There are 2 protein chains.
Amino acid sequence: MKETIKVEWLNDLSFEADVDGHKVYMDSSLEHGGKNVGPRPKPLMMVALAGCTGMDVAAILNKMKENVESFTLEVEGDVSEDHPKRFEGMKVIYRFKGKGISRKNVEKAVDLSINKYCGVSANYSKAFDIVHEIIIEE
Amino acid sequence: MKETIKVEWLNDLSFEADVDGHKVYMDSSLEHGGKNVGPRPKPLMMVALAGCTGMDVAAILNKMKENVESFTLEVEGDVSEDHPKRFEGMKVIYRFKGKGISRKNVEKAVDLSINKYCGVSANYSKAFDIVHEIIIEE
């Protein structure tokens, strides 16, 4: 299957992406010659990972009838000091709130996502290690 | 260096990312249980690559005093048929318009980005091949 996106240069270091009709803006920071009208490109790699595994986990926990009130993902990325400044590791923190959520079910959902369904994770794990942590609050 | 992003589940398969204060939405398609309020996560991997190399190339050509009137990047990704549905290759098409743009300078700028500066490209090339094409129109 083919996926295609288009990105247009606006001015200076600012770009507008079109993804199936959705606009995503990117820009550099003020100290690097941009105007900060959008995020930097590299953190979008972390957004893609969080969205990919987040959708898997939300869908699986819904099927499991878990009562999830809130669900957030934080991704921490280690960026190399030398050029090209690339990720050398990522940590995904899955944080849930809800009454009586089963840790075993959450662990199963996260494991299925990371090891079976999430293509972003499969791609990234060829380049660096991805670790995770699960936090459940009542 | 550490980078951090946060992604919040909104409902169904829809998520809101916060990247240094910038919001990025993600959702699944209607046929996969989403409401299409944002792009799918996987194409954001292509957006990150286009933004990363696009910023490098825009900055280098500006330093080279090339008269770039328009600059677009298209990324085509080959997605595997089997699970996890991951990228097996990407092609970046760099398309420029402007009077008297030097192909040699553009090739140099793209080469510097892909092989020296762009961390996204450095990460992805551990997982799959990235090829490119340069199109220059007067």
* **Distance from region A:83-116 to region B:38-83 (C-alpha centre basis), Å** => 28
* To do: Would you kindly work out, in nm and rounded to one decimal, the distances from the label point of A:G100 to those of the same position in each other copy, ordered shortest first, with label points 7 Å along Cα-to-Cβ?
  => 7.6
* To do: Report ³J(HN,Hα) in whole Hz for each residue of region A:60-71, in order, from the Karplus equation J = 6.51 cos²θ - 1.76 cosθ + 1.60 where θ = phi - 60°; Gly and Pro get x.
  => 5, 5, 5, 5, 7, 6, 6, 8, 8, 8, 9, 8
* Asked: If we hang a label 7 Å off Cα along the beta carbon direction at A:I134, how far is it from the matching labels on the other copies, in nm, shortest first?
  -> 5.0
* Structure fact -> Filtered hits (lysines, Cα-Cα < 30 Å from B:K97, offset >= 8 within chain) -> A:K2, A:K6, A:K23, A:K35, A:K42, A:K85, B:K42, B:K63, B:K65, B:K108, B:K116
* Carbon + sulfur, % of accessible area of region A:1-88 - ligands and nucleic acids excluded, 1.4 Å -> 48
* Asked: What is the set of long-range amide H partners of B:K35 at a cut-off below 5 Å, with H atoms built 1.01 Å from backbone N?
  -> B:L13, B:S28
* **Copies compared at B:E31 - label distances in nm, ascending, label defined 7 Å from Cα in the Cβ direction** => 4.7
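The values are calculated or read from the model by the stated rules, or taken from the named source; none is laboratory data. Since the structure is predicted, the reported quantities are computational estimates derived from the model, not experimental observations. We place every Cβ from the backbone using ideal geometry, glycine too, and count neighbours over all the protein chains shown. Accessible surface areas use protein heavy atoms only, side chains included; no ligands, DNA or RNA. Shrake-Rupley method; radii C 1.70, N 1.55, O 1.52, S 1.80 Å.
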